[in-house]
Amino acid sequence: MTHSVHRRAVAVTALALAGLLAAVVPTAAATDTAAAPGAAPSPAALAAPDIPLANVRAHLTDLQSIATANGGNRAHGRAGYKASVDHVKAKLDAAGFTTTVQQFTSSGATGYNLIADWPGGDANRILMAGAHLDSVSSGPGINDNGSGSAGVLETALAVSRAQLQPDKHLRFAWWGAEELGLVGSRYYVNNLAATDRSKITGYLNFDMIGSPNPGYFVYDDDPAIEKTFKDYFAGLGVPTEIETEGDGRSDHASFKNVGIPVGGLFTGASRTKSTAQAQKWGGTAGQAFDRCYHSSCDTTSNISDTALDRNSDAIAHAVWTLSAGTTVPPDGDVYENAADVSVPDNGAAVTSSVTVSGRTGNAPSALQVGVDIKHTWRGDLVIDLVAPDGTAYRLKNSSGSDSADNVITTYTVNASSEAANGTWRLRVQDVAAQDTGYIDSWKLTF
Ligand code: DTR
Ligand code: CA
Ligand code: ZN
Ligand code: ZN
């Protein structure tokens, strides 16, 4: 919509002045910037400690000794597995955890899940981290999955050393019979009452995190969990790839199947590292990430210390970050993005996003969408809320006659058919020539 010349002359002068002022106040490019929910956790809550590689290595040495003393493996139904459970449990008991050994039967043998609760935190918001502790029968299973088991164990011991008191309740788990088909973790989930399942805000899985020819793969299931890991590795300057070997390949599938947000890390198994991957990660192209996968040579010699260290530190970062939670404002959970996003004049739509996680069920029928858009002649603007599944809810249509400036208001949207968790976007488009502006901030209140 073009406007009267008179108004345009005045507007152009004002805009020119604004433009000069704007030169002093940098505005973000028209990018989509996800933001965490509500008030940011306190910095202290995010500062996970370094996980000492030597400690993780010592756990692997212990697991190797257990396998060597028990027929060379730590497989379900064998003495080496129960000895592994007893060993890890003793360390957790000594560190102040409340441990539970959950028994089940599979393939005619007794299996064991080890669950360790860290006292404190909100019992209605539980963050879990786990790894399968069993090996295949053909070897000691040090990378698969002593590495994940040791990384999770040392993170739990670091929680104890720090006497961490996060907002959320922390629960750690070591699964039995994963190699028989995720048997232990599925048994755990299936025996959780629905009300107890809904309290689990996320499950983090670590299965093979020390492969000798490592890749750095991040599960791409829950966006907020994925971002937590990707941001950590970005901080190290380590590129990551999305784990693509299939959702059903480890214990996170048991949790994902019942709608619990999941994430995790993986350094690769029998697939071959490509030339491009070797260029970005080092190691040997044309060779498997782990040549000893499910073999007798999966010993303490079958580990990359660099990968084990980085991933153990990433586990701690995720546990500290995702358990910090946020102070729930009195008016419910608020998820805000205050990054400026320029709206091109009479141009393409731009978006600004917020990532919602840790909630259960669907969004409310009266979801509050607060917008603050600075834009002269707001009649140029079309505004939509886009749900995580892509469904668009029209908040405002363009209107040539609405010459007022700025859209600073709260819309109420019936979003009850949308899952609450995921990335929500505010989409804004200027559909008329002249007059410009930007998204100043917006927020969702559940
Ligand atoms: N199934 C796991 C190894 C494995 C293979 N692909 C993936 C992807 C994500 C995690 C683990 C895996 C095992 O043998 O224990
Ligand atoms: Ca470390
Ligand atoms: Zn395996
Ligand atoms: Zn495994």
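Since every read-out is calculated from the coordinates, none of them should be taken as a lab result. The shown structure was predicted, so the numbers you read here are calculated from the model rather than taken from an experiment. Glycine gets a Cβ as well: all are built from the backbone with ideal geometry, and neighbour counts include every protein chain shown.
What's the Kirkwood radius of the chain in Å, using all Cα pairs? Computed over Cα pairs of the chain, the Kirkwood hydrodynamic radius comes out at 23.8 Å.
Label separation (residue 110 vs residue 433): 8.2 nm, computed from points 7 Å beyond Cα along the C-beta direction. Here is the P(r) of the range 231-281: all C-alpha pair distances, binned every 10 Å from 0, give 19, 44, 31, 6 in whole percents. Overall dimensions of the range 154-301, expressed as equivalent-ellipsoid semi-axes from the Cα gyration tensor (√(5λ), whole Å, largest first), are 28, 19, 15. Only helices reaching 15 angstrom along their own axis (Cα) with mean Kyte-Doolittle hydropathy no lower than -1.0 count here, and for the DSSP H runs of the chain these are 5-24, 53-68, 79-94, 148-162, 223-236, 305-324. Counting neighbouring Cβ atoms within 10 Å and putting the fewest first, the residues 168, 273 line up as 273, 168. How many angstrom separate the Cα center of the range 289-321 from the Cα center of the range 344-381? Using only Cα atoms, the two centres lie 41 Å from each other.
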